[in-house]
Amino acid sequence: MEITLSVKRTEVFEEVAQTTNYTGAKMDDDANAYDRISTVDEDESELKRFWDESRADVAQAFIRMLSSEGMAADDDTYNLVLNVSVSFDNALLPSMQLGLFSYFVQSIAGKWYAYTNKGESGEVSNASKAILDDVKEKALFKKKPVRPTYN
């Protein structure tokens, strides 16, 4: 059985901008933090490179069940198509979708922080790995078989 998870790159970049802006604004002990940490439009080429690196990490994490992955024709939507068990629980799809989105945000922010906010870089990168592991665990989850009842 195949499932598809989709993530919009523009939405991820917007969330990364909010995350970095918030982080920079909340660093009271560093007057230059906001300007240093916040992403701006001119940083998009670097963020796209981080996006591509994160995509490669996703493909590696799901390599055993990967049917296809890549950008859609609109060049904004990333589609991850996985072959999962017929016993896969479709109720997990919304949380997997949200998890994949969160993974991209955390992964890109972590890579950005390696340049601008080294103190939080490792923590954010570790959080992104944990999120991706959670999505993978859900993809591998099989619901218990239900014994048929006959009347």
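The values are calculated or read from the model by the stated rules, or taken from the named source; none is laboratory data. Because the structure is predicted, anything quoted here is derived from the model rather than measured. All Cβ positions, glycine included, derive from the backbone under ideal geometry; neighbour counts span all protein chains shown.
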- Kindly indicate which of 121, 128 is part of a helix (DSSP H, G or I) and under 30 Å from residue 2 (Cβ atoms). 128
- Query: If we scan region 2-13, do we find a residue that is among the hydrophobic types (A, V, I, L, M, F, W, C), exposed (fewer than 15 other Cβ atoms within 10 Å of the Cβ), closer than 17 Å to residue 99 by Cα and within 19 Å of the chain's Cα centre (by Cα)?
  - Reply: no
- Item | Search result, residues across region 103-148 that are under 14 Å from residue 62 (Cα atoms) and buried (at least 18 other Cβ atoms within 10 Å of the Cβ) | 103, 131, 132, 135, 136, 139
- Task: Give the residue that is surrounded by the most Cβ atoms within 10 Å (Cβ to Cβ), with candidates limited to residues of region 36-45 that are charged (D, E, K, R) and more than 19 Å from residue 7 (Cα to Cα).
- Result: 43
- Message: Just to be sure I understand the filter: pairs with C-beta atoms under 8 Å, separated by 6 or more residues or on different chains, first member in region 65-87 and hydrophobic (A, V, I, L, M, F, W, C) and exposed (fewer than 14 other Cβ atoms within 10 Å of the Cβ), second member in a strand (DSSP E or B) and at pLDDT 95 or above. Which pairs pass?
- Response: 72/6; 72/78; 72/79
- Note on the structure: Flagged pairs (Cβ under 7 angstrom, 6 or more apart or on separate chains; first in region 1-28, under 15 Å from residue 76 (Cα atoms); second surrounded by fewer than 18 Cβ atoms within 10 Å (Cβ to Cβ) and not acidic (Asp, Glu)) are 5/97; 6/77; 6/79; 8/77
- Flag for residue 92 being among the aliphatic types (A, V, I, L, M), in a helix (DSSP H, G or I) and farther than 24 Å from residue 49 by Cα: yes
- Message: Can you name every one of the helices (runs of 4 or more DSSP H) wholly within region 1-81 that holds 3 or more residues which are modelled with pLDDT of 95 or more and among the charged types (D, E, K, R)?
- Response: 9-25, 44-61
